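A.B. asks: The structure's right below; bear with me while I get my questions together.
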Amino acid sequence: MLAFVTVGSTQFDALIQAILSSSVLSTLRRKGYDQLVVQCGNSDFELASSISGGGQSSVEREGINIELWKFKPTLQREYEKADLVISHAGSGTILDVLRLGKPLLTVVNITLLDNHQQELASALAELGHLQYSSIP
């Protein structure tokens with residue numbers, strides 16, 4: 001199964017670092033995921049230099065094949081292929097994924113100036129559309 005992670009057009013170091021941690025990768029593997037595609041944006045993390053020129057990098061960890069890249073013109077194809085989407089709580093991303101009926105876990109970026117991601121994620125979770133979390 002394939003999980004897709006996106007940070008949108010921003011930098012979300014905590015999400016990328018958490019996703020690539022052994023504990024998260026092991027949990028994904030136990031749940032049956034063997035592929036992980038990560039759209040990193042401008043995030044700073046251990047493997048960021050391998051995609052700094054706009055390229056793509058692949059690595060295997062914890063039994064999961066991981067593909068990393070910064071940006072693509074559209075993420076629609078990635079959403080369609082994914083069995084699970086893990087995303088920042090941006091409104092555009094949330095709406096695109098929900099329209100496809102894909103399971104969606106949003107992670108609120110608490111470092112942003114206002115709390116719009118928290119408000120949106122909380123409201124949609126109350127309506128049963130998604131699950132959300134944050135990274136301390």
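A.B. asks: At 1.4 Å probe size, with every protein chain present, just tell me what the per residue accessible area of the chain comes to in Å².
C.D. replies: Averaged over the residues of the chain, the accessible area is 52 Å².
A.B. asks: What does the C-alpha gyration tensor say about the overall shape of segment 64-110? Classify as rounded when a/c is under 1.5, otherwise prolate if a/b is larger than b/c, or oblate.
C.D. replies: Taking the square roots of the gyration eigenvalues as a ≥ b ≥ c, segment 64-110 is rounded.
A.B. asks: Let's see if you can work this out: charge +1 on each Lys and Arg Cβ, -1 on each Asp and Glu Cβ, no other charges. What is the dipole magnitude of the chain about its Cα centre, in debye to the nearest 20?
C.D. replies: So the magnitude is around 300 debye.
A.B. asks: Rounded to the nearest 5, what is the percent of antiparallel bridges among the DSSP beta bridges in the chain?
C.D. replies: 20
A.B. asks: Can you give me the Kirkwood hydrodynamic radius for segment 34-135, using every pair of distinct Cα atoms, in Å to one decimal?
C.D. replies: Its Kirkwood hydrodynamic radius stands at 14.7 Å.
A.B. asks: Also: Determine the relative contact order of segment 29-113: mean sequence separation of Cα pairs under 8 Å and six or more apart, normalised by residue count, in whole percent.
C.D. replies: Contact order relative to length: 23 percent.
A.B. asks: Over the Cα atoms of segment 1-68, what radius of gyration and what Dmax do you get, in Å?
C.D. replies: 11.3, 33
A.B. asks: Now, a different point. ³J(HN,Hα) across segment 4-14 via Karplus (A = 6.51, B = -1.76, C = 1.60, θ = phi - 60°), whole Hz, x for Gly/Pro?
C.D. replies: Per-residue couplings from phi come out as 10, 10, 9, 10, x, 8, 10, 10, 9, 3, 4 Hz.
A.B. asks: Summarise the accessible area of the chain (1.4 Å probe, protein heavy atoms) by the percent that is carbon and sulfur.
C.D. replies: Solvent-exposed carbon and sulfur of the chain make up 50 percent of the total.
A.B. asks: Tell me which lysines have Cα within less than 19 Å of K70's Cα, excluding those fewer than 8 residues away on the same chain?
C.D. replies: Hits, sequence-local ones excluded: K81.
A.B. asks: Provide the per-residue ³J(HN,Hα) series for segment 82-91, in order, calculated from phi with Karplus coefficients 6.51, -1.76, 1.60 and θ = phi - 60°, each as a whole number of Hz, with x at glycine and proline positions.
C.D. replies: Coupling constants for segment 82-91: 6, 8, 8, 10, 10, 9, 4, 9, x, 4 Hz.
A.B. asks: Whose amide H sits under 5 Å from the amide H of S133, counting only residues 5 or more places off or on another chain, with H placed in the peptide plane?
C.D. replies: T106, V107, V108
A.B. asks: May I pose another question? With only Lys, Arg, Asp and Glu charged, each at its Cβ (+1 for the first two, -1 for the last two), find how big the charge dipole of segment 71-130 is about the Cα centre; round to the nearest 20 debye. All intermediate terms of the calculation are to be shown ahead of the outcome.
C.D. replies: Details: 5 positive and 7 negative charges, 54 e Å.
So the dipole magnitude of segment 71-130 works out to roughly 260 debye.
A.B. asks: Something else about it: Could you give each residue of segment 119-129 its phi-based ³J(HN,Hα) in whole Hz, using Karplus coefficients 6.51, -1.76, 1.60 with θ = phi - 60°, and x for Gly or Pro?
C.D. replies: Result, ordered by residue: 4, 5, 4, 5, 5, 6, 5, 4, 7, x, 8 Hz.
A.B. asks: Mind listing the Cα extents of segment 30-88 along all three principal axes, in Å, largest one first?
C.D. replies: Principal-axis extents of the Cα atoms in segment 30-88, largest first: 32, 26, 18 Å.
The values are calculated or read from the model by the stated rules, or taken from the named source; none is laboratory data. In this text, all values refer to a predicted model and were calculated from it rather than measured experimentally. Note that each Cβ is placed from the backbone with ideal geometry, even for glycine, and that neighbours are counted across all protein chains shown. Keep in mind that these areas ignore ligands, DNA and RNA; they rest on the heavy atoms of the full protein, side chains included. Shrake-Rupley method; radii C 1.70, N 1.55, O 1.52, S 1.80 Å.
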